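Contents: one structure, followed by commentary.
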């Protein structure tokens, strides 16, 4: 994909660094982000968790737009590296605590808002060759596709 060649992608009118190993931001994530911004403007959340931050785009925009402090977890070392780079570039690295962790390991913590754009594609679903160059663990959610989402819920 061009985003991997040029090592950048645009999301919410902002530039983000991406490379092989993280998902390329897509419009459906902007829809989720818009809803999150609306929700956060209407409510006061103290403890926010993002599950599966990838390149960090959702948490970074929330922190940048609303000056929110966020804890964000992911299981990918590559995602951690890229998300920290993007947070520093957008000057919100002091607002986001990126941690390398499975969300299941955080079940004893209390959060008043949890958001995620988890993998949701069935394991045997045939994808376009361009999408298949993206990390499988961020795309495929199990035999039925919704297993990760069910675990989150």
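The values are calculated or read from the model by the stated rules, or taken from the named source; none is laboratory data. In this text the structure is predicted, and so the values were computed from the model without any measurement. Glycine gets a Cβ as well: all are built from the backbone with ideal geometry, and neighbour counts include every protein chain shown.
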What is the residue count in the range 44-70 for residues that are within 8 Å of the chain's Cα centre (by Cα) and more than 22 Å from residue 17 (Cβ to Cβ)? 0
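Out of the residues in the range 65-74 that are in contact with a strand residue (DSSP E or B) (Cβ under 9 Å, 6 or more places away or on another chain) and without any contact (Cβ under 8 Å) to a residue 40 or more places away in the chain, state the one that is farthest from residue 99 (Cα to Cα). Before you say what the answer is, go through the steps one by one.
The initial filter retains those residues of the range 65-74 that are in contact with a strand residue (DSSP E or B) (Cβ under 9 Å, 6 or more places away or on another chain), namely 68-74.
Next, only the ones that are without any contact (Cβ under 8 Å) to a residue 40 or more places away in the chain stay: 68-70, 72-74.
Details: 68: 17, 69: 14, 70: 11, 72: 6, 73: 5, 74: 7 Å.
Ranking the candidates gives 68 first.
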Filter the range 99-117 down to residues that are under 14 Å from residue 47 (Cα atoms) and touching a helix residue (DSSP H, G or I) at 6+ places or on another chain (Cβ under 8 Å) and give me whichever is surrounded by the most Cβ atoms within 10 Å (Cβ to Cβ). 115
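Please work out if residue 9 is more than 12 Å from the chain's Cα centre (by Cα), modelled with pLDDT of 95 or more, assigned to a helix (DSSP H, G or I) and farther than 16 Å from residue 118 by Cα. Give the derivation first.
Working: more than 12 Å from the chain's Cα centre (by Cα): yes; modelled with pLDDT of 95 or more: yes; assigned to a helix (DSSP H, G or I): no; farther than 16 Å from residue 118 by Cα: yes.
In short, no.
To keep it simple, each residue is scored yes or no on (1) at pLDDT below 95; (2) exposed (fewer than 14 other Cβ atoms within 10 Å of the Cβ).
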site: 17; (1), (2): no, no
site: 22; (1), (2): yes, no
site: 26; (1), (2): yes, yes
site: 38; (1), (2): no, yes
site: 43; (1), (2): no, yes
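Can you tell me which residue in the range 127-141 is nearest to the chain's Cα centre (by Cα), limited to those that are in contact (Cβ under 8 Å) with a residue 60 or more places away in the chain and outside any loop (DSSP other than H, G, I, E, B)?
The first filter runs over the range 127-141 and keeps only residues in contact (Cβ under 8 Å) with a residue 60 or more places away in the chain, leaving 130, 133-135, 137-139.
Now restrict to residues that are outside any loop (DSSP other than H, G, I, E, B): 133, 137-138.
On the way: 133: 18, 137: 13, 138: 9 Å.
Looking at residues that are in contact (Cβ under 8 Å) with a residue 60 or more places away in the chain and outside any loop (DSSP other than H, G, I, E, B), I get 138.
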If you go through the range 60-86 one residue at a time, how many are in contact with a helix residue (DSSP H, G or I) (Cβ under 7 Å, 6 or more places away or on another chain) and either crowded, with 24+ Cβ neighbours inside 10 Å or not in a loop (DSSP other than H, G, I, E, B) (or both)? 10
The listed residue being modelled with pLDDT of 95 or more and surrounded by 13 or more Cβ atoms within 10 Å (Cβ to Cβ), out of 94, 90: 90
Within the range 121-139, the residues that are closer than 25 Å to residue 71 by Cβ and crowded, with 16+ Cβ neighbours inside 10 Å are 134, 135, 138, 139
